[in-house]
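Just so you know, all these numbers are worked out from the coordinates, no wet-lab data involved. None of these values were measured; they are calculated from a predicted model. Here the Cβ positions follow ideal geometry from the backbone for every residue, glycine too, while neighbour counts run over all protein chains shown.
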Amino acid sequence: MSPRTSSQQPDAEPDQPSDDTHLIRLQKFLASTGLGSRRNCEEYIETGRVTVDGEEATKLGAKIDPETQVICVDGERVRLQPKRYYLLNKPSGFLCTNNDPAGRRRVVDLFPKENQRLFTVGRLDENSEGLILVTNDGEMAERLAHPRYRVPRTYQVQVVGNPPREKLDELRKGIRFKEGVFRVTGLKPLRKQGKSTFLELTLHEGQNREIRRMMARIGHKVIQLIRVRFGPLNLSNLKSGEYRRLTDWELKKLREMLTEKHSPDIRQRKGRKNVMPGKGRPSRVSAEKKILDKKPSDRKPTNKKPTTTKNKRGATVSQQGTSQRRMIGDTEGKRTRPGRQK
């Protein structure tokens with residue numbers, strides 16, 4: 001008998017897993033080329049502006065090989081570019097956009113015309129100044145702008161008048177707009193200048209013209225607004241209109257901030273409900289429980305006899321042990337209420 005029957009087949013070779021580690025999602029590749037955030041690149045795909053090897057790409061999440069396939073947007077081939085990170089001191093009068101039909105001045109116009117597509121991280125409105133990050137790293141830009149990472153943004157603001165404490169408290173508590181509740185997480189008065197006041201405000205979410213709208217709501221118009229810090233980045237002594245590349249230390253701090261697990265914004269409430277166990281004033285029930293749990297043997301015997309003295313009014317006063325309890329009145333007869341004499 002043959003050792004292998006006809007029903008038995010030779011051991012098939014195990015399926016070799018396809019090597020697709022070099023493949024990348026189409027929208028992620030487009031974002032890495034500097035076209036914009038991943039969401040913007042998804043819109044390019046959905047509107048039919050992207051082709052792969054000459055065929056229109058309409059499926060989100062499709063994986064491509066950027067080394068062997070030709071990816072075009074609006075008929076122009078896009079390629080991976082080396083990452084660039086710049087810190088700019090934005091002057092007033094420039095827009096944080098890559099496309100302005102009116103032809104106004106843009107932040108990207110301050111950079112040399114090279115074969116790279118740059119865009120700003122977040123926005124500063126046309127009349128605002130200060131620190132802004134300019135890069136071609138779409139993935140990092142999207143994460144830095146996402147509210148869940150709560151990247152702190154600090155501004156120095158000059159406003160008309162002198163806002164009273166009650167008005168500043170409204171900024172801390174939050175002011176409701178159609179987009180939601182806007183609030184500052186840090187507020188510090190700096191100085192006064194004539195009929196204006198300088199404030200330092202810190203926010204964790206970047207809404208459209210957020211500070212200007214909040215200050216207008218409390219009745220103090222913004223005269224000048226400068227962003228001085230963004231996460232671990234500082235404006236320092238960079239002059240208006242100047243830019244520089246981020247240092248390795250600054251890039252490291254940015255990446256560390258984005259990889260940390262950020263807990264939800266739990267705002268602490270005042271009150272005894274937030275008193276941690278074992279801290280604060282003990283409750284009456286717990287104090288009585290300690291007394292009841294105490295063994296009789298643990299209690300110190302008091303062998304001292306009560307002593308009696310007379311106060312200035314001639315009333316008899318009784319003291320026993322270390323309790324220093326004063327019994328006002330006739331201690332040998334009927335006791336009266338403390339503090340009264342009959």
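So here's what we get for this one:
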quantity	calculated
Mean Cβ count within 10 Å, highest first, over the residues of peptides 201-211, 49-59, 32-42	32-42, 201-211, 49-59
Average projected area [Cα convex hull, region 152-230], square nanometres	4.6
For region 152-230: lysine pairs under 16 Å (alpha-carbon distance), excluding those fewer than 8 apart on one chain	5
Sum of side-chain charges, Gly206 neighbourhood, beta-carbon under 12 Å (Lys, Arg +1; Asp, Glu -1)	+1
